[in-house]
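The values are calculated or read from the model by the stated rules, or taken from the named source; none is laboratory data. Given the structure is predicted, the values throughout are model-derived calculations rather than measurements. FYI the Cβ positions are ideal-geometry reconstructions off the backbone, even for glycines, and counts take in every protein chain you see. When the accessible area is computed, the model is the full protein with side chains, heavy atoms only, and any ligands, DNA or RNA have been set aside. Shrake-Rupley method; radii C 1.70, N 1.55, O 1.52, S 1.80 Å.
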Amino acid sequence: MARYQDFSPDVMTDHQRAVYDDIVSGPRGRIYGPFLVLMHNPGLASALQKSGAYVRWQSSLADNLKELAIATIGRYWGAHVEWSVHAKLAVDAGLDPAIIDALEAGGAPVFTDPAEALIHEFCSCLLETKNIDDDLYARALSRFGETGLIDLMATFTHYTTISLTLNSFEVPAPDGFKAPAFPHGRTP
Amino acid sequence: MARLEPLEPEDMNAEQRAAYDDAAAKGGRLGGPNGIHVRIPDLFQINQEMSTYLRGTDLAPRLRQLAVMVAVRKFQGAYAWGVQARASLAEGISEEVVNAINEGKTPDLDDAMDRIVYDVAASLAEHGAIPDDLFAEAEAALGFNQLLDLVATTGYYAAVAMWVNVFEVDVPVDIPVPMADG
């Protein structure tokens with residue numbers, strides 16, 4: 001049984017209408033994925049649509065690095081919409097599809113680009129061990145700069161919150177995207 | 001010393017200062033990740049909106065604090081743990097419960113609602129998901145809207161812990177319950 005009802009624009013409060021208009025007039029253009037759930041709490045949808053817009057369209061990180069970070073975070077949490085949408089965006093941004101396949105299978109991807117390798121190392125280390133040691137911090141700071149690191153952490157804020165929302169309500173991959181080969185939630 | 005020091009008002013440029021003054025007028029502060037966010041005014045304003053929203057939901061403060069403590073402890077944010085443990089004590093959560101969460105143990109919770117909220121936050125922090133029976137129980141107890149806010153609170157504060165951990169934000173010296181080792 002579905003854990004939520006898709007938000008419908010047919011019946012909206014004034015607050016929902018304001019947030020709805022904001023989203024559909026912006027680069028997203030429509031309500032899909034997590035926003036089908038989030039729009040039930042329009043204040044939450046508003047804040048998260050802004051944090052997502054920052055990460056997706058204002059971040060200083062190059063698209064391949066940003067999408068790799070999102071895919072790594074989405075894979076750690078086992079979040080379907082996030083994985084399906086951003087695995088495709090990552091490949092569109094030039095990431096080797098073999099990296100995405102390895103992540104999806106829960107294996108260790110092989111990188112030829114040192115910046116991609118460092119993004120993946122940083123994200124995996126933070127999620128798995130909860131800590132970044134001095135050496136890894138120094139390497140990340142040196143390659144991405146202060147703003148790059150802050151933008152990488154903004155990616156964690158947005159997509160950790162989104163991942164847990166997607167999983168809690170078991171939101172499926174949107175139409176037109178391939179459903180992942182893993183269940184909702186972390187794979188033991 | 002922090003890896004990235006919080007920006008003080010006197011060190012801000014005009015744009016950063018305007019964003020900070022606007023937030024300060026509404027009760028915003030520079031503690032924790034906020035002093036880092038403010039380096040990028042747009043990011044600061046977005047996080048202010050999010051944290052203001054999460055503090056103002058219909059979820060009772062005691063329940064919110066239980067979820068926040070579980071999230072920041074799991075993701076080992078020492079600064080966030082310290083200030084949130086203090087805030088939790090101020091909301092009337094007992095020392096025994098705070099200490100149990102700090103030590104990674106399941107707290108003894110008499111109140112059924114407290115226990116459901118703890119279980120949801122702990123399940124999310126550990127497994128990233130909520131089992132069917134717990135979801136049904138939580139939705140019946142909290143209602144859909146508060147359950148959604150509980151989930152968002154857990155996710156957002158897990159990330160707050162990651163921020164203060166990565167940038168090694170200094171832990172205040174006067175907190176009552178410092179984060180335990182491990």
Return the residues of the range B:147-171 for which accessible area with all protein chains present is lower than in the chain on its own by 50 Å² or more; set the probe to 1.4 Å and exclude ligands, DNA and RNA. B:148, B:151, B:162, B:163, B:166, B:167
To the nearest 20 debye, what is the magnitude of the charge dipole of chain A about its Cα centre, counting +1 on the Cβ of each Lys and Arg and -1 on the Cβ of each Asp and Glu? 360
Over the range B:52-101, with a single point scatterer placed on each C-alpha, what log10 of the ratio I(q)/I(0) does the Debye formula yield at q = 0.24, 0.28 1/Å? -0.88, -1.12
Tell me which chymotrypsin sites (Phe, Trp or Tyr not before Pro) from the range A:135-186 have a DSSP coil assignment and no more than 10 other beta carbons within 10 Å of their own. none
Reduced Cα scattering model of chain B, Debye log10 I(q)/I(0), q = 0.13 Å⁻¹: -0.66
Measuring from the longest principal axis of the C-alpha atoms of chain B, the long axis of helix B:112-127 (C-alpha) lies at a number of degrees, nearest 10, equal to 70
Summed buried accessible surface, chains A and B, 1.4 Å probe, nearest 100 Å²: 3800
Quick one: net charge of residue A:186's neighbours, Cβ under 15 Å, K/R +1, D/E -1? -2
What are the residues of the range A:42-56 that lose 40 Å² or more of accessible area, with a 1.4 Å probe, going from their chain alone to all protein chains? A:44, A:47, A:50, A:54
Probe of 1.4 angstrom, ligands and nucleic acids ignored: what's the accessible area per residue over the range B:9-55, in square angstrom? 47
Compare each residue of the range B:29-70 in its chain alone against the assembly with all protein chains, and report those whose accessible area goes down by 20 Å² or more; 1.4 Å probe, heavy atoms. B:39, B:40, B:42, B:43, B:46, B:49, B:50, B:53
Rg to Rh ratio, the range A:21-122, alpha-carbon atoms and Kirkwood radius? 1.00
Viscosity 0.692 mPa s, temperature 37 °C: what is the translational diffusion coefficient of the protein assembly as shown from Stokes-Einstein with a Kirkwood Rh over Cα pairs, rounded to a whole number of µm²/s? 158
Go through the range B:84-95 residue by residue and turn each phi into a ³J(HN,Hα) via Karplus (6.51, -1.76, 1.60, θ = phi - 60°); whole Hz please, and just put x for glycine and proline. 6, 5, 4, 5, 5, 4, 5, 7, x, 6, 6, 4
Tell me, what ³J(HN,Hα) does each residue in the range A:62-68 have, in order and in whole Hz, if you take phi through Karplus 6.51 cos²θ - 1.76 cosθ + 1.60 with θ = phi - 60° and put x for Gly and Pro? 4, 4, 5, 6, 4, 5, 5
Go through the range A:89-97 residue by residue and turn each phi into a ³J(HN,Hα) via Karplus (6.51, -1.76, 1.60, θ = phi - 60°); whole Hz please, and just put x for glycine and proline. 4, 5, 5, 4, 8, x, 6, 4, x
Please state the equivalent ellipsoid semi-axes for chain A: what are the square roots of 5 times the Cα gyration tensor eigenvalues, largest first, in whole Å? 29, 19, 14
Quote the relative contact order of chain A in percent (integer), defining contacts as alpha-carbon pairs under 8 Å separated by 6+ residues. 31
Using a 1.4 Å probe on the protein heavy atoms, what percent of the accessible area of the protein assembly as shown belongs to carbon and sulfur? 50
Angle between chain B longest axis and helix B:14-25 axis [Cα atoms, degrees, rounded to 10]: 40
Keeping all protein chains in place, calculate the accessible area per residue for the range B:103-174 (probe 1.4 angstrom), answer in Å². 39
Histogram of C-alpha separations across the range B:61-166, 10 Å bin width, %: 16, 53, 29, 2
Lysines within cross-link reach of residue A:178: Cα-Cα under 19 Å, excluding same-chain residues under 8 positions apart? A:88
A convex hull over the alpha carbons of the range B:9-55 yields, per residue, a volume in Å³ of 65
